[in-house]
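The values are calculated or read from the model by the stated rules, or taken from the named source; none is laboratory data. Quick caveat, the model's predicted, so the values are computed rather than measured. Cβ atoms come from the backbone with ideal geometry, glycine included; neighbour counts cover every protein chain shown. What goes into the accessible areas is simple: the full protein's heavy atoms, side chains included, and nothing from ligands, DNA or RNA. Shrake-Rupley method; radii C 1.70, N 1.55, O 1.52, S 1.80 Å.
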Amino acid sequence: MKLQQLRYIWEVAHHDLNVSATAQSLFTSQPGISKQIRLLEDELGLEVFARSGKHLTRITPGGEIIIREAGEILRRAEGIKKIAQEFSNQRKGDLSIATTHTQARYALPPVIGGFIEEYPDVSLHMHQGTPMQISEMAANGAVDFAIATEGMDLFNDLIMMPCYRWNRCVIVPRDHPLAKGQELTLEELAEYSLVTYVFGFTGRSKLDEAFQSRGLTPKVVFTAADADVIKTYVRLGLGVGIIASMAFDPKVDTDLVALDASKLFRPSVTRIGFRKGTFLRGYMYDFMRRFAPHLTKEMVDEAVAHQGSRTEIQALFKDIELPTY
């Protein structure tokens with residue numbers, strides 16, 4: 001059994017059983033991958049993949065368990081590499097982050113700019129996706145950090161720590177009736193067509209909860225994962241926009257008016273998460289501290305010591321005054 005063979009079955013399983021796509025991503029040949037998978041199956045005496053002719057059709061029940069264990073072995077092997085790199089060159093390596101558009105576009109640029117300046121030999125990779133995709137990437141070890149507001153509670157393999165609180169603003173064109181600046185109410189908002197985030201994105205659940213608590217049904221006519229897209233359709237007159245306050249830039253969005261909605265909706269908390277058992281290199285600690293200053297090495301290590309227990313981590317941070325955006 002070779003580490004390469006375990007990598008092949010893991011990658012094939014995560015490329016929808018497409019051996020050709022797997023070969024392209026690994027810069028190798030399709031016949032070579034197929035041969036190594038067959039050799040592994042012969043050694044194990046078990047088919048990892050069921051086949052129809054030359055095509056893989058599904059993962060066998062035994063294959064599901066083997067692939068899961070292969071993933072653990074590959075992550076441990078990667079952890080060994082990180083340990084060696086930390087002691088051979090503390091300022092060189094890789095850092096991969098999965099996050100949403102709002103975080104990537106508005107919250108992370110100054111953090112990443114400073115980080116790259118400090119660590120020019122660290123290759124930084126950013127992946128964007130839905131909160132569920134982001135959390136899954138961190139849980140299976142595909143990325144080092146997940147940064148999101150929604151979704152991470154569903155994954156028990158993640159150690160999640162609060163970074164900052166944020167709330168929403170309502171955006172309208174300058175000639176809109178709401179632009180006069182009167183204090184907003186949920187009842188008033190419910191009378192308008194709304195343009196906001198897709199459910200499961202950027203604290204959308206808090207928005208829905210607020211309307212439901214008042215017995216109101218919002219008229220959401222358009223949803224998007226991207227705040228800039230939402231602003232575009234507000235400009236087109238499709239409806240009143242509700243976005244994260246950090247996504248409104250008064251220097252750029254001069255044709256729009258932002259109305260504070262913090263009294264209408266409960267604040268949301270953005271968290272950073274990583275997989276239990278992750279070996280954290282020095283620059284990884286530094287990245288977390290840059291993103292959330294209260295996440296010192298000591299605080300992070302204490303959260304790790306609690307093994308990701310939600311209750312214990314909440315207690316750990318209960319007296320921390322989170323920054324607000």
If you check T149, T99, which single one turns out to be of a type in the set (V, I, T), touching a strand residue (DSSP E or B) at 6+ places or on another chain (Cβ under 9 Å), farther than 30 Å from E69 by Cβ and buried (at least 17 other Cβ atoms within 10 Å of the Cβ)? T149
Could you grab me the full set of residues in the range 1-34 that are open to solvent by 70 Å² or more (accessible area, probe 1.4 Å), over 19 Å from I65 (Cα atoms) and of a type in the set (A, V, I, L, M)? none
Given the options I66, I80, I112, I97, name the one that is in contact (Cβ under 8 Å) with a residue 12 or more places away in the chain and under 29 Å from I37 (Cα atoms). I66
Here are the criteria: (1) modelled with pLDDT under 90; (2) of a type outside the set (K, R); (3) on the phi < 0 side of the Ramachandran plot; (4) out of contact with any helix residue (DSSP H, G or I) (no Cβ under 9 Å at 6 or more places or on another chain). Tell me which single one P61 does not satisfy. (1)
Considering only helices (runs of 4 or more DSSP H) fully contained in the range 30-145, which possess at least 2 residues that are within 30 Å of C169 (Cα to Cα)? 109-118, 131-139
Reported set for the range 157-190 where residues are touching a Pro at 6+ places or on another chain (Cβ under 7 Å) and either open to solvent by 70 Å² or more (accessible area, probe 1.4 Å) or without any contact (Cβ under 8 Å) to a residue 40 or more places away in the chain (or both) is R165, A190
Residue match in the range 80-94 (condition: under 28 Å from the mean Cα position of the chain (by Cα) and closer than 30 Å to Y197 by Cα): no
Which residues, counting only those in the range 1-29, are closer than 22 Å to R76 by Cβ, aliphatic (A, V, I, L, M) and outside any helix (DSSP H, G or I)? M1
Would you please list the contacts, defined by Cβ atoms under 6 Å and residues six or more apart or on different chains, that run from a residue in the range 212-232 that is within 16 Å of C169 (Cβ to Cβ) to a residue that is among the hydroxyl-bearing types (S, T, Y)? A227/T102
Residues (among the aliphatic types (A, V, I, L, M) and open to solvent by less than 60 Å² (accessible area, probe 1.4 Å)) located in the range 293-311: L295, M299, V300, A303, V304
